[in-house]
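Have a look at the structure below before the remarks.
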Amino acid sequence: MSSTISERELAFLLYEFLDTDALLQRDRYAEHSREVFNATLDTARKIAEDFLAPHFREGDENEPLFVHGKAQLIPPTRGAWRAIARAGFLNAHWNEAEGGLQLPEVVLRAAMSSFYAANVSTASYPMLTIAAANLLRAFGSAELKSRYLASMGDGRCAGTMALTEPAQGSGLADITTKAVPQADGSYRLFGQKMFISGGDQDLTENIVHMVLARIQGAPPGVRGISLFLVPKLFFIAGLLACHVRESAKFDPNHGHPQSLDHVEGAHSGVRHTHCQLWCFGVIDHLALTRSGGNQTGQEGLGELLMIRSSHGVHLSIFGLAPG
């Protein structure tokens, strides 16, 4: 990847400007070393060269198709996703107890900059999945983490963020997607979302959408917005939602994409416009304050939590700088 990213600049930023070696003095990172960091960068560079860069042009010339209500990506995208997931880049920064390696996030971001340099459209899928999983790790209940987190870490389940609505644009304070409480503590969502990057794809068994909505009766403005986890396939009969097998009993959620959005400069990435999220069914609740349901964190803090996740995406985009 020497033609698309400067290894010298990356090393300067990590070891001279940011003094990443100093992190090795902390107990959390004591088992790592500069050699481990460099090996991580080398692995990412190799994956970028072998699995992302080769189909950049093909993806640019062949946008995802929308066939029978589902998005279809070019086949090489699946190979790239599997390579990134199998190498552990989706969960390398997680705690060991969560199945991660406790890799410093600054090293992870530096490694993933090779993916962005090689093919930013394909690299957007792991970027968004990491952001959604971080929300689940920070604010999800133990039950919900057990259902979704492991599969987001090993690549069987991807993640997205669903904020924008057709009539509201970027004015999140005015969103109208409604969350109706159910008797079992879950919610049903009614409304529409658009511009959902990765809103549908054929890379993974399942997709976890982090959706902003307003609980029925909530106050107007941003204080009335809460955050909900909406899986493409939802959890039933005691099974884990992202562990899909032929014999498993999983139902598709009632939300479905209506069309694809054409994105300038990132033709092979999927964004849905008017991805209708109506009547989601009984879905799971990421709750800090109550058990069951599908709300992430406390009521009324949805925008704040989503912004936290967006910061991680912004940091990933900054990774394009050392080119």
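The values are calculated or read from the model by the stated rules, or taken from the named source; none is laboratory data. Because the structure is a prediction, the values reported are computed rather than measured. Neighbour counts run over all protein chains shown; Cβ positions are idealised from the backbone, glycine included.
Assorted remarks:
- Residue check for ASN62: under 15 Å from the mean Cα position of the chain (by Cα), surrounded by fewer than 22 Cβ atoms within 10 Å (Cβ to Cβ) and modelled with pLDDT under 95: no
- Hits in segment 122-147 - residues which are of a type in the set (Ser, Thr, Tyr) and buried (at least 22 other Cβ atoms within 10 Å of the Cβ): THR122, SER124, TYR125, THR129
- Helices (runs of 4 or more DSSP H) (entirely within segment 4-80) containing at least 2 residues that are aromatic (Phe, Trp, Tyr) and over 16 Å from VAL106 (Cα atoms): none
- Those strands (runs of 3 or more DSSP E) lying entirely in segment 159-215 with at least 2 residues within 30 Å of ALA83 (Cβ to Cβ) and hydrophobic (A, V, I, L, M, F, W, C): 206-215
- Qualifying residue in segment 60-81 (condition: aromatic (Phe, Trp, Tyr) and under 16 Å from PRO126 (Cα atoms)): yes
- Within segment 152-167, the set of residues being touching a Cys at 6+ places or on another chain (Cβ under 6 Å) and crowded, with 22+ Cβ neighbours inside 10 Å comprises CYS157 only.
- Any pair with Cβ under 9 angstrom, 6 or more apart, that starts in segment 158-172 at a residue that is farther than 17 Å from LEU227 by Cα and ends at one that is outside any loop (DSSP other than H, G, I, E, B) and among the hydroxyl-bearing types (Ser, Thr, Tyr): ALA158/TYR125; ALA158/THR129
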